[in-house]
1. Please determine, by comparing only the residues of the stretch 216-227 that are out of contact with any Pro (no Cβ under 6 Å at 6 or more places or on another chain) and not aliphatic (A, V, I, L, M), which one is most open to solvent (accessible area, probe 1.4 Å).
2. Output yes when any residue across the stretch 117-133 is in contact (Cβ under 8 Å) with a residue 40 or more places away in the chain, in contact with an Asp or Glu (Cβ under 9 Å, 6 or more places away or on another chain), over 27 Å from residue 92 (Cβ atoms) and near the ligand (Cβ under 10 Å from one of its atoms), and no when none is.
3. I'd like the full set of residues that are open to solvent by 10 Å² or more (accessible area, probe 1.4 Å), among the hydrophobic types (A, V, I, L, M, F, W, C) and not in a strand (DSSP E or B), limited to the stretch 125-158.
4. Go through the stretch 160-174 and count every residue that is part of a loop (DSSP other than H, G, I, E, B), away from the ligand (no atom under 12 Å from the Cβ) and either in contact (Cβ under 8 Å) with a residue 24 or more places away in the chain or among the β-branched types (Val, Ile, Thr) (or both).
5. Of the conditions (1) surrounded by fewer than 23 Cβ atoms within 10 Å (Cβ to Cβ); (2) within 12 Å of the chain's Cα centre (by Cα); (3) more than 30 Å from residue 152 (Cα to Cα), residue 108 clears all except one; give me its number.
Amino acid sequence: MLSKSQVDQFWEDGFIIAKGGATAEQLNDLSSQLDEWIEQSKDHDKNYGKTPDGKSRFDLEAGHSAEKPRLRRVANPADISDSYYEVLIKGVIPDMVADLIGPNLKFHHCKLNIKLPGMQTKVDFHQDHPYDPHTNDDMVTALLMLDEMTEENGCPLLVPGSHKKRYSHFQNGKFTGKIDPNLNAEFEESSVPIIGKPGDVCLMHTWMVHGGPPNHSNNPRRLLICDYPAADAMPLSPPMVPSIYSHKVIRGQPARFARMINAQLEIRPQYTEDSFFELQGQATAGKI
Ligand SMILES: O=C(O)CCC(=O)C(=O)O
């Protein structure tokens, strides 16, 4: 699926952007399902829906209302929608990921991150691995664009080469899910915007430093995210966004042995917030 130069670029920069993560028909299905969920969110004034760990599946930004819905996250849409399952588990994205870290691959979890016009939701700079530490770090996060993604509508910002570095995600002894904000200016300066068309997919190393500003435009920014570990990467903590498909082998064979790398990893607590937006300090609808 991927060329040698794409694979080389992934290991050098920590990410690539590839075309054709989903067909036009699949994108249409994903999009209309999400429109339905946004419509349903109008009937709620606080987070709702249950995931396997009892947290809410649908996460609302403070200020959410029927007139101005602010649905910012759907946890594991593949658990409740065949369209999402088809694209993320049966589709071409895992084949691309297998070219990077395969051939044996697991599904870990997925989510929709939504920045609608007028919403304040942003993403503080972080790496994904500290959220889901494993015995090795052959893990890829796929970011599938459902809308055209631009600098104006809050595309992710990635810091090339940062996957070779390790940063703490604790401040004052507490897991905050973000890197020391004193480094934000440095990250902003060295980051690149991940822009593209619907169907483009960014494949990002699990240690890539990334974040992103709110949507300052009149166009929606809806992003489908999925984490895939190599089959021999074994979790050191239960998933923070558990799916009924977590740890399912989706390409190749299950691993007989765990592969360990020599690393010292921070182990986060099982935090109680419904989403990492709240963990990072962004208010949730219906909570004081
Ligand atoms: O929504 C985005 O722009 C990136 C989200 C992200 O980094 C995450 O959910 O881990």
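1. As a first pass, look at the stretch 216-227 and keep what is out of contact with any Pro (no Cβ under 6 Å at 6 or more places or on another chain): 216-217, 219-227.
From what is left, the residues that are not aliphatic (A, V, I, L, M) are 216-217, 219-222, 226-227.
Working: 216: 144, 217: 22, 219: 94, 220: 51, 221: 10, 222: 19, 226: 1, 227: 9 Å².
It comes out as 216.
2. Yes.
3. Across the stretch 125-158, the qualifying residue is only 146.
4. Looking only at the stretch 160-174, we keep the residues that are part of a loop (DSSP other than H, G, I, E, B), and these are 160-161, 165-169, 172-173.
Retained after the next criterion (residues that are away from the ligand (no atom under 12 Å from the Cβ)): 160-161, 165-168, 172-173.
Now restrict to residues that are either in contact (Cβ under 8 Å) with a residue 24 or more places away in the chain or among the β-branched types (Val, Ile, Thr) (or both): 160-161, 165-168.
Adding up the residues that qualify gives 6.
5. Evaluating residue 108 over (1) surrounded by fewer than 23 Cβ atoms within 10 Å (Cβ to Cβ); (2) within 12 Å of the chain's Cα centre (by Cα); (3) more than 30 Å from residue 152 (Cα to Cα) leaves (1) as the failure.
Quick grid of which residues meet (1) more than 15 Å from the chain's Cα centre (by Cα); (2) modelled with pLDDT under 95; (3) more than 28 Å from residue 101 (Cβ to Cβ); (4) buried (at least 17 other Cβ atoms within 10 Å of the Cβ):
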| residue | (1), (2), (3), (4) |
| --- | --- |
| 181 | yes, no, yes, no |
| 184 | yes, no, yes, no |
| 190 | yes, no, no, no |
| 203 | no, no, no, yes |
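The values are calculated or read from the model by the stated rules, or taken from the named source; none is laboratory data. Keep in mind it's a predicted model, so treat the numbers as computed, not measured. Heads up, the Cβs are rebuilt from the backbone with ideal geometry, glycines too, and the neighbour counts pull from every protein chain shown. Remember, those area values only see protein heavy atoms, side chains included, never the ligands or the DNA or RNA. Shrake-Rupley method; radii C 1.70, N 1.55, O 1.52, S 1.80 Å.
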